[in-house]
Amino acid sequence: MKAIFLAYREWALDVYNPLKKNPKLEELVLCKTHEELLSLNIEDYDLLISCGWSDELGDEVTSKIESIGVHCAELDRYSYGTPIQNQIIDGLTFSKHRVFSFTFDNESERAHTHNCLYSHEVVLDLSGNMDDILYQMTSTSIVLFNMFVNDYPNNIEWKKWPSEDIVREKRKPLDSRLTKNDLQSMNTEELYNFFRCLEAPYPNGYIEDEKGRLYIERVKYVKK
């Protein structure tokens, strides 16, 4: 079985070497950019595995090869972008990490997960600081992709997660700002969740007033 591994984030690149050891993979080619991907003769490969990929693959890719990725949310409301941040801000400490079918749909508002189909899932721990969460992302991605490869192609069963009317919009850089009024309206646990989900490698949360901005790079929380 020949596959392509598409990733550029540090936590996602850490998945490559462990996955490459899967005995079913005769070849696993690493691509870090869309241009590198398009430079390959995609039809020569059986599967495209994307990990932490932010952009759409486009019909020119998904029409030529079966493509999968990993989606770090259980509820459909988090299918529109920045799912980790939105779930943590909403107070979730556990979610699901899933292998999803990476298709192209120009009319869909969802980010990548257009058909809401998934094959394998595991529990994803969203507690701790961002480096803890990214470690979880790496380790669960290794498990999920190995499960998929081992079952591919004859034992893959696609399931569909339920749609919701609720939509959690993709967060923008300006959403990392807290005003004095925001601070007064949030309790300590809400502040902890806000700042920890914006630790590196994401743009840090900050407090802003007429004097300037105070960036919070890392937080610790002790519950009473």
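A few points about this structure:
- The residues 99, 70, sorted by heavy-atom accessible surface at 1.4 Å with ligands and nucleic acids left out, run 70, 99 from largest to smallest.
- Antiparallel content of DSSP bridges confined to segment 116-224, in %, to 5: 75 percent
- Beta bridges by DSSP in the chain, antiparallel share as percent, to the nearest 5: 55 percent
- Here the spin labels are modelled as points 7 Å beyond Cα on the Cα-Cβ line, and at residue 182 and residue 64 they lie 4.3 nm apart.
- Helical contribution to [θ] at 222 nm, DSSP H n ≥ 4, -39,500 (n - 2.57), averaged over the chain, rounded to 500: -7500 deg cm²/dmol
- Segment 79-107 versus segment 155-224: alpha-carbon centroid distance in Å: 15 Å
- Where segment 39-166 is the region considered: accessible area per residue in Å², 1.4 Å probe: 43 Å²
- Partners for residue 223 among aspartates and glutamates (Cα-Cα distance below 17 Å; same-chain residues under 8 apart left out): 189, 190
- Amide H within-cut-off set for residue 178, under 5 Å, with H built and near neighbours excluded: 206, 207, 208
- Cross-link pairs beyond the 23 Å C-alpha cut-off, checked among 170/224; 32/64; 20/170; 96/159; 180/211: 170/224; 20/170
- Extent of segment 29-94 along its three principal axes (Cα atoms, max minus min coordinate, largest first): 44, 19, 17 Å.
- Between the beta carbons of residue 163 and residue 211, assuming R0 = 30 Å, the FRET efficiency works out to 0.10 to the nearest 0.05.
The values are calculated or read from the model by the stated rules, or taken from the named source; none is laboratory data. These numbers come from a predicted model, not from an experiment. When we count neighbours, we look across all protein chains shown, and the Cβ atoms used for this are built from the backbone with ideal geometry, even at glycine. What goes into the accessible areas is simple: the full protein's heavy atoms, side chains included, and nothing from ligands, DNA or RNA. Shrake-Rupley method; radii C 1.70, N 1.55, O 1.52, S 1.80 Å.
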